[in-house]
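Peer 1: I have a structure I would like to understand better, so I am pasting it below and will then ask my questions one at a time.
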Amino acid sequence: MGWITSFFGMLLNYIFELVVWVMPTPVATLGISIIVFTIITRLLMTPLQVMQQKTSKGMAAIQPEMQKLQDKYKNKKDAESQAQFSAEMQKLYKKHNINPLAGCLPLLIQLPLIMALFGVLRDASSYIMKLKEVYIGLADNIMNSVANYQEILQPFVDIHGMNGKIKFDLTQVTASNGTLGVKELLSKLTSLQWTELMAQIPADASAGIQTLLEQKRNFEWFGVNLVDTPAQLVSSGMWIALIVPLLVWGSTIIYSKYAMAQNQMNQPKTAESEQQEKTMGVMNMVLPLMTAFFSYTMPCGLALYWIVGNVIMLIQQVIVTRMIEPKSTVANN
């Protein structure tokens, strides 16, 4: 998965450079880059969505014939009858040019892609060169101008070290040989932690650091550090951050309901399909709540990716449905 992460990291860096070049004054640069990044990556996944939609439509179209076969072999459980049933099902799929596994393939492919994307967004300062330069500058300034910087940074190491699972070396600027440096530690600090850190830095050493911090804020999302989670922002008094999990919930439930409606549109009404509808209905209520909960505790950058991704997928679903529906209607006639 490393090469996938590197590819998306390179893509995000190019987008960031383009946004900086287009915008004369940096404002919300990282947030805008994530939005553009999400649009491009979702477009790259469009063929998978088309494949999944075609398979769903095809399976719905042959449902009556499948039901006849299932009824034919309903009480025949011997090995020979089951082999015949399997062979007839394969003939049915071949006759209508349907690959039942194609419906699962997009999900199997998208899972590592999404994990790679999350890896990039979770550690954007390692992939975006301009952001990386800012954090290296901050690390250099702190290490060279604050005599007791290791003592000041140690509590943040304890917080972000995950009980020793992540190793930090406060004598080096950036990562080396699997050990993270001051730059990586600073990139993990939330807005509140930056406030706590700056309060401990002497005034005569903070001038250069403040200049770089201002540049960092300009690169972020309208003053919000995209490393922050909505939970952290709410705890610091920024109640408006509750809108983030609400938008994640709303966008997820709208997309889920629309996708389920499209999948069920051509399904014949049977006891089995009605039971599946009830199960999917429960899932479409639970899944948005789960994603909203996770987004409340995830960095805002990941939540922004999730929200924009849901909107793009909904638009894709509408377009793909309109492309496929006429073909399905002609085939059925």
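Peer 1: Which of the residues spanning segment 115-153 are surrounded by fewer than 19 Cβ atoms within 10 Å (Cβ to Cβ), in contact with a helix residue (DSSP H, G or I) (Cβ under 9 Å, 6 or more places away or on another chain) and either of a type in the set (Asp, Glu) or at pLDDT below 75 (or both)?
Peer 2: Result: Asp123, Asp140.
Peer 1: Only one of these conditions is not met by Ile201: (1) in contact (Cβ under 8 Å) with a residue 40 or more places away in the chain; (2) surrounded by fewer than 19 Cβ atoms within 10 Å (Cβ to Cβ); (3) more than 27 Å from the chain's Cα centre (by Cα); (4) part of a helix (DSSP H, G or I). Which number is it?
Peer 2: Only one criterion is unmet by Ile201, namely (4).
Peer 1: While we're on this one: Pairs, please: C-beta under 7 Å, at least 6 apart or cross-chain, first residue under 21 Å from Asn225 (Cβ atoms) and without any contact (Cβ under 8 Å) to a residue 60 or more places away in the chain and in segment 299-315, second of a type in the set (A, V, I, L, M, F, W, C) and crowded, with 22+ Cβ neighbours inside 10 Å?
Peer 2: Sorted first by the residue in segment 299-315, then by its partner, the pairs are Trp306/Val248.
Peer 1: Say we look at segment 284-333 and pick out the residues that are of a type outside the set (A, V, I, L, M), surrounded by 16 or more Cβ atoms within 10 Å (Cβ to Cβ) and over 12 Å from the mean Cα position of the chain (by Cα); which of these is modelled with the highest pLDDT?
Peer 2: The initial filter retains those residues of segment 284-333 that are of a type outside the set (A, V, I, L, M), namely 284, 288, 291, 293-297, 299-301, 305-306, 309-310, 316-317, 321-322, 325-329, 332-333.
Within this subset, residues satisfying the condition of being surrounded by 16 or more Cβ atoms within 10 Å (Cβ to Cβ) are 284, 288, 291, 295-296, 299-301, 305-306, 309-310, 316-317, 321, 328.
From the residues that got through so far, the ones that are over 12 Å from the mean Cα position of the chain (by Cα) too are 284, 288, 296, 316-317, 321, 328.
Numbers: Asn284: 74, Pro288: 88, Tyr296: 93, Gln316: 85, Gln317: 83, Thr321: 77, Ser328: 49.
Top of the filtered list is Tyr296.
Peer 1: Any residue in segment 71-87 that is in contact with a His (Cβ under 8 Å, 6 or more places away or on another chain), more than 21 Å from Gly309 (Cα to Cα) and either hydrophobic (A, V, I, L, M, F, W, C) or crowded, with 17+ Cβ neighbours inside 10 Å (or both)?
Peer 2: Filtering segment 71-87 for residues in contact with a His (Cβ under 8 Å, 6 or more places away or on another chain) gives none.
No, segment 71-87 contains no residue that is in contact with a His (Cβ under 8 Å, 6 or more places away or on another chain), more than 21 Å from Gly309 (Cα to Cα) and either hydrophobic (A, V, I, L, M, F, W, C) or crowded, with 17+ Cβ neighbours inside 10 Å (or both).
Peer 1: Only one of (1) buried (at least 20 other Cβ atoms within 10 Å of the Cβ); (2) at pLDDT 85 or above is not met by Lys54, so which one is it?
Peer 2: The number of the failed condition is (2).
Peer 1: Can you find, within segment 156-189, the residue that is nearest to the chain's Cα centre (by Cα) among those that are in a helix (DSSP H, G or I) and more than 24 Å from Glu214 (Cα to Cα)?
Peer 2: Per the criteria, the residue is Ile159.
Peer 1: Another question about this same structure. Could you list all residues from segment 134-154 that are within 31 Å of the chain's Cα centre (by Cα) and over 17 Å from Val227 (Cβ atoms)?
Peer 2: Gly137
Peer 1: Also, I was wondering about something else. Within segment 243-265, work out how many residues are touching a helix residue (DSSP H, G or I) at 6+ places or on another chain (Cβ under 6 Å), under 17 Å from Gly301 (Cα atoms) and of a type in the set (A, V, I, L, M, F, W, C).
Peer 2: Residues meeting the conditions: 4.
For (1) more than 30 Å from Ile319 (Cβ to Cβ); (2) outside any helix (DSSP H, G or I), each residue gets a yes or a no:
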site: Val36; (1), (2): no, no
site: Gln52; (1), (2): no, no
site: Thr55; (1), (2): no, no
site: Lys76; (1), (2): yes, yes
site: Gln82; (1), (2): yes, no
site: Phe118; (1), (2): no, no
site: Ile142; (1), (2): yes, no
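Peer 1: Using the structure shown, decide if Ala79 is free of Cβ contacts under 8 Å to residues at least 60 places away in the same chain and either over 30 Å from Arg122 (Cβ atoms) or hydrophobic (A, V, I, L, M, F, W, C) (or both). Before you say what the answer is, go through the steps one by one.
Peer 2: On the way: free of Cβ contacts under 8 Å to residues at least 60 places away in the same chain: yes; either over 30 Å from Arg122 (Cβ atoms) or hydrophobic (A, V, I, L, M, F, W, C) (or both): yes.
Yes; evaluated as a whole, the condition is true for this residue.
Peer 1: Now, a different point. Pull out all pairs, ordered by first then second residue, where Cβ-Cβ is under 8 Å, the residues are six or more apart or on different chains, the first lies in segment 14-39 and is in contact (Cβ under 8 Å) with a residue 40 or more places away in the chain and among the aromatic types (Phe, Trp, Tyr), and the second is surrounded by 16 or more Cβ atoms within 10 Å (Cβ to Cβ) and not in a helix (DSSP H, G or I).
Peer 2: Within 8 Å, the pairs are Phe16/Ile128.
Peer 1: Now, a different point. Here is a check on your reading of the model: is Leu192 part of a helix (DSSP H, G or I), modelled with pLDDT under 90, more than 20 Å from Asp140 (Cβ to Cβ) and in contact with a strand residue (DSSP E or B) (Cβ under 8 Å, 6 or more places away or on another chain)? Steps first, please.
Peer 2: On the way: part of a helix (DSSP H, G or I): yes; modelled with pLDDT under 90: yes; more than 20 Å from Asp140 (Cβ to Cβ): yes; in contact with a strand residue (DSSP E or B) (Cβ under 8 Å, 6 or more places away or on another chain): no.
Considered against the rule, which asks whether it is part of a helix (DSSP H, G or I), modelled with pLDDT under 90, more than 20 Å from Asp140 (Cβ to Cβ) and in contact with a strand residue (DSSP E or B) (Cβ under 8 Å, 6 or more places away or on another chain), Leu192 comes out as no.
Peer 1: Okay, next question. Being without any contact (Cβ under 8 Å) to a residue 12 or more places away in the chain and either of a type in the set (A, V, I, L, M, F, W, C) or within 21 Å of Met162 (Cα to Cα) (or both) is true for just one of Ala231, Ala207. Which residue is that?
Peer 2: Just one listed residue meets the conditions, Ala207.
Peer 1: Further question: Taking the condition at pLDDT 85 or above and either buried (at least 16 other Cβ atoms within 10 Å of the Cβ) or among the hydrophobic types (A, V, I, L, M, F, W, C) (or both), does Ile40 pass? First the steps, then the outcome.
Peer 2: Values: at pLDDT 85 or above: yes; either buried (at least 16 other Cβ atoms within 10 Å of the Cβ) or among the hydrophobic types (A, V, I, L, M, F, W, C) (or both): yes.
Here the answer is yes, as Ile40 does meet what is asked.
Peer 1: Can you pull out the residues in segment 224-283 that are at pLDDT 75 or above, crowded, with 16+ Cβ neighbours inside 10 Å and assigned to a loop (DSSP other than H, G, I, E, B)?
Peer 2: Asn225, Leu226, Val227, Asp228, Thr229
The values are calculated or read from the model by the stated rules, or taken from the named source; none is laboratory data. Everything quoted here is computed from the prediction, not taken from an experiment. Here the Cβ is made from the backbone with ideal geometry for all residues, glycine too, and neighbour counts use every protein chain on show.
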